Amino acid sequence: MQEKVARYIANTLGLDEAPAVEVPAQESFGHYSSNVALILSKKEGKNPRDLALEIIEKLKSSDKAGLFEKIESAGPGFINFTLSNKALTSELSKLAPQAPIKKGKKAKVIVELISPNIAKPMHVGHGRNAIIGESVARILEKLDYKVTRWNYFGDWGTQFGKLILAYKMWGKKEKVEKEPIKELLALYTKFHAEGGEELEARAREEFKKLTEGDSENTKLWKWFTKVSLIEFEKTFKELDIKFDIQKGEGSYDKKTKALVQGLLKNGIAKESEGAIVVDLEAEGLPTALLQKSDGVSVYLTRELELLKERISKYKAKKILIVVGNEQTLHFQQLKAIAQKLGFLEGIEYTHIKYGLLLNEEGKKFSTRKGELIELSELLSQLKERTRKIVEEKNPQLSERRKDEVANVVALGAFKYNDLKERRTSDITFNWDKMLDFNGDSAPYIQYSYARLRGIAAKAGAKPSSKNLSLLTEKEELALAKKLLDFNGAILQCEKEYVTSFLASYLFDLAKTANKFYENIRISTDEDKKRKSARLFLVEKTAQTLKEGLSLLGIEVLEQI
RNA sequence: GCCUCCGUAGCUUAAUGGAUAAAGCAAGGGUCUUCUAAGCCCUUGAUGCAGGUUCGAUUCCUGCCGGAGGCACCA
């Protein structure tokens, strides 16, 4: 909206040099004004204050001055505009129906949502990863990109040698079949408890055999993978996430030999202490390891193969990897090598990073101490606690209804908690915060949606965009203005792959809507035309809240 | 030791280099004969320290202090 006005003003005034006019992306001037501020950046030879005054003069004498109710200078370099109600409501009527944003033009995007480890439970961090990734994927789809959601799971490495050995020594088939991940984790933990040089050596031997295609080990490895994925699937379903492709690291291992040979041939890689490395000093990065001295590939090398496949086979134009901050260096090395190889011509390869989830003491959760909060456990606890809150607040609902509300509210709160924050710095896990359903939270927005739906259902009239000019109360105009900013919030999210703009937009919209129906009674409005116009506002707001939340992967309820 | 991220109100967070630094929670006060009180209204309260660049710095640069993460045979 502001951009539109800015462009309009620039056109009116013949300001071709766009840099002279800047418009803030976010409003910072009050809750209810339909003001638009222009900030004039310094131009050569011109003082911002003089420029502001000059523009105001031109605006006032222009033929379209009637679009604005107030045009005034607000300090050096600032101009305040107040859009006239007429201009505002005419914009609003264009929202029915709203034109979709065709920006992506079906370009192929791969989003790596999550990379869980086989035979280990997913913890809260994985949830954060998937929630952020899914929301970014949905936002890109909304903008007309063709998104492929990817689960690149960890099924390779020495720890699988340990697991295979542990199973051979102590494993029971029935137990693994009954509770796969729990049992496999127990075997892995037992292995570490027993410990010792000899066991470690034998585990390395088992892994070596697996890489060489030993049939018994391969069979076990495939089995562990299969049962783990079946169990993961339950959690993905709960989170409402579906993958287009699920592949493990192991499937890229064999090809790495040729890749490493090629890198050695063209001089990108070299030998060092029996291992094969890439020197990245010119890029300002530490040396990267490609192959261990025992000839086994590492994570980085397998990911290079993965990247190659994503570009050549899947024709991806953008590849977005959602993974925590702590892998920044790894990703930088990966990207630097890919660039040396010429993989990234015309390809965007981005690390969407997020802050670590820390325990209540502000430290990284330790796997060894068993501190990790399991995702499935967290989700069921969350639902249980939410169910109690529903029972308290809305005892009149039927039992089935209470379950449904608890599910949708609990998941919404959990997801919103991760999506509302922009920062890449670490966040501390906190039950109370997650269960706080007041204020800036998904339940607040879900509540507002349900209220609006309730009003629409009880109004006894139909919405219409015919007489929007009858909307003159400040709460109505504020809501109208907010509605116009939806697309802007989405585009802003896309720019930096950050979901917080949308989340805070939706919270703002819900807040504005709350003020609207708190102050303006709709069902008793005797002016039928105005009532229909108000119901149009109600309908549009509900639609926008629903669609916005769905871009965050959050559902709404008609009743709460 | 080196590199990266971070430091804003009692707590959790917001602010393309712009206006009087914005919210939520917590605390205190008010508000349900009227479309759902998970709501609405009011009050209290902040940029780690020291410089620099700029008409203007929470934002950019330098140093210091404090926190977290990473740094070739793990992923």
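The values are calculated or read from the model by the stated rules, or taken from the named source; none is laboratory data. This one's a predicted model, so the numbers in the text were calculated from it and none came from an experiment. All Cβ positions, even for glycine, are placed from backbone atoms using ideal geometry, and neighbour counts span all protein chains on display.
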Within the stretch A:404-457, residues being closer than 18 Å to A:Asn394 by Cα, surrounded by fewer than 19 Cβ atoms within 10 Å (Cβ to Cβ) and polar (S, T, N, Q) number 1
Counting only residues in the stretch A:531-558 that are within 13 Å of RNA strand B (Cβ to nearest atom) and of a type in the set (Lys, Arg), the one surrounded by the most Cβ atoms within 10 Å (Cβ to Cβ) is identified as A:Arg534
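Per-residue answers, yes or no, for (1) more than 10 Å from RNA strand B (Cβ to nearest atom); (2) more than 29 Å from the chain's Cα centre (by Cα); (3) not small (Gly, Ala, Ser):
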residue: A:Lys257; (1), (2), (3): yes, yes, yes
residue: A:Val278; (1), (2), (3): no, yes, yes
residue: A:Ser297; (1), (2), (3): no, yes, no
residue: A:Glu305; (1), (2), (3): yes, no, yes
residue: A:Lys308; (1), (2), (3): yes, no, yes
residue: A:Ile337; (1), (2), (3): yes, no, yes
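Please give the helices (runs of 4 or more DSSP H) falling wholly within the stretch A:131-203 in which 2 or more residues are within 16 Å of the chain's Cα centre (by Cα), among the hydrophobic types (A, V, I, L, M, F, W, C) and modelled with pLDDT of 95 or more.
On the way: elements: A:158-170, A:173-178, A:180-194.
Ranges flagged: none.
Just checking, how many residues over the stretch A:388-400 are more than 10 Å from RNA strand B (Cβ to nearest atom) and either at pLDDT 95 or above or assigned to a helix (DSSP H, G or I) (or both)? Before you say what the answer is, go through the steps one by one.
Initially, the stretch A:388-400 is screened for residues more than 10 Å from RNA strand B (Cβ to nearest atom), giving A:388, A:395, A:398-400.
If we keep only those that are either at pLDDT 95 or above or assigned to a helix (DSSP H, G or I) (or both) too, we end up with A:388, A:399-400.
Here the count works out to 3.
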Picked from the stretch A:253-308 (must be touching a Lys or Arg at 6+ places or on another chain (Cβ under 8 Å) and hydroxyl-bearing (Ser, Thr, Tyr)), the residue farthest from A:Trp156 (Cα to Cα) is A:Thr256
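Taking A:Ile427 as the residue in question, decide whether it is over 28 Å from A:Asn85 (Cβ atoms) and either within 33 Å of the chain's Cα centre (by Cα) or among the aliphatic types (A, V, I, L, M) (or both). Lay out the reasoning, then the answer.
Values: over 28 Å from A:Asn85 (Cβ atoms): yes; either within 33 Å of the chain's Cα centre (by Cα) or among the aliphatic types (A, V, I, L, M) (or both): yes.
The answer is yes for A:Ile427.
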Does the stretch A:512-525 contain any residue that is of a type in the set (D, E, K, R), closer than 10 Å to A:Leu479 by Cβ, near RNA strand B (Cβ under 8 Å from one of its atoms) and in contact (Cβ under 8 Å) with a residue 12 or more places away in the chain? yes
Flagged pairs (Cβ under 6 angstrom, 6 or more apart or on separate chains; first in the stretch A:97-125, within 25 Å of A:Leu419 (Cβ to Cβ); second part of a strand (DSSP E or B) and among the polar types (S, T, N, Q)) are A:Ile110/A:Thr148; A:Ile114/A:Asn151
Picked from the stretch A:278-330 (must be farther than 20 Å from A:Gly262 by Cβ and charged (D, E, K, R)), the residue surrounded by the fewest Cβ atoms within 10 Å (Cβ to Cβ) is A:Glu281
- Task: Please indicate, with yes or no, whether at least one residue in the stretch A:216-228 is more than 30 Å from A:Lys255 (Cα to Cα) and touching a residue at least 12 places away in the same chain (Cβ under 8 Å).
- Result: no
Within the stretch A:434-449, of all residues that are near RNA strand B (Cβ under 6 Å from one of its atoms) and under 16 Å from A:Ala410 (Cβ atoms), the one modelled with the lowest pLDDT is A:Asp436
